[in-house]
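Visitor: Sharing a structure with you now.
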Amino acid sequence: MRLKLDENLGMGTAELLRQAGRDVATVPEQGMRGSPDRALIEACQREGRCLVTLDLDFGNPFLFNPSDYAGIAVIRLPQRSTPDDLHDGVQTLIGAIQQESVEGNLWIVQRGRIRQYQPEEEAEDG
């Protein structure tokens, strides 16, 4: 699974994911700091990478339909978070992507759990 880390996640997060065997590109490494959200998600789409971010805007499926992308994983931290909270969230993500693919999905990652966005099924015409 190919990942792109948003600029709000540091090199420590990139290293954890690389140690877990993931192909990781970062926004800073690719010279995309300060890029608009739309430009970032379109780069992920072109590269076939799942976006990993702390930016809650990407958790809005009406702005960013997860089925259009290689996945979106939003790590949600407690209001008064510590580096350990981020570490635990990343470890939760690592465990989940070892079990299943995030491709085409929106995952909200919290310490020890993942909530997956489930779009409402459209009613079938009779």
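Coordinate-derived values only; no laboratory data. All values reported here derive from a predicted model rather than from experimental measurement. As a convention, Cβ positions derive from the backbone with ideal geometry for all residues, glycine included, and neighbour counts pool all protein chains shown.
Visitor: Looking at (1) touching a helix residue (DSSP H, G or I) at 6+ places or on another chain (Cβ under 8 Å); (2) crowded, with 18+ Cβ neighbours inside 10 Å; (3) of a type outside the set (S, T, N, Q), which is the only condition residue 2 fails?
Guide: (2)
Visitor: Filter segment 47-94 down to residues that are surrounded by 13 or more Cβ atoms within 10 Å (Cβ to Cβ), part of a loop (DSSP other than H, G, I, E, B) and hydrophobic (A, V, I, L, M, F, W, C) and give me whichever is nearest to the chain's Cα centre (by Cα).
Guide: 54
Visitor: Inside segment 95-107, can you point out the residues that are crowded, with 17+ Cβ neighbours inside 10 Å and either in a strand (DSSP E or B) or among the polar types (S, T, N, Q) (or both)?
Guide: Of everything in segment 95-107, those that are crowded, with 17+ Cβ neighbours inside 10 Å and either in a strand (DSSP E or B) or among the polar types (S, T, N, Q) (or both) turn out to be 105, 106, 107.
Visitor: Give segment 47-98 a look and list any residue that's among the β-branched types (Val, Ile, Thr) and within 21 Å of residue 24 (Cβ to Cβ), or say none.
Guide: Scanning segment 47-98 gives 52, 53, 72, 74, 75, 90, 92, 94, 97.
Visitor: What are the pairs, 6+ residues apart or on separate chains, where a residue within segment 4-32 that is free of Cβ contacts under 8 Å to residues at least 40 places away in the same chain and on the phi < 0 side of the Ramachandran plot has its Cβ under 6 Å from a residue that is buried (at least 18 other Cβ atoms within 10 Å of the Cβ) and assigned to a helix (DSSP H, G or I)?
Guide: If the second residue must be buried (at least 18 other Cβ atoms within 10 Å of the Cβ) and assigned to a helix (DSSP H, G or I), the pairs left are 24/14; 24/17; 26/14.
Visitor: Of the residues that sit in segment 8-60 and are among the charged types (D, E, K, R) and touching an Asp or Glu at 6+ places or on another chain (Cβ under 9 Å), which one is farthest from residue 102 (Cα to Cα)?
Guide: 33
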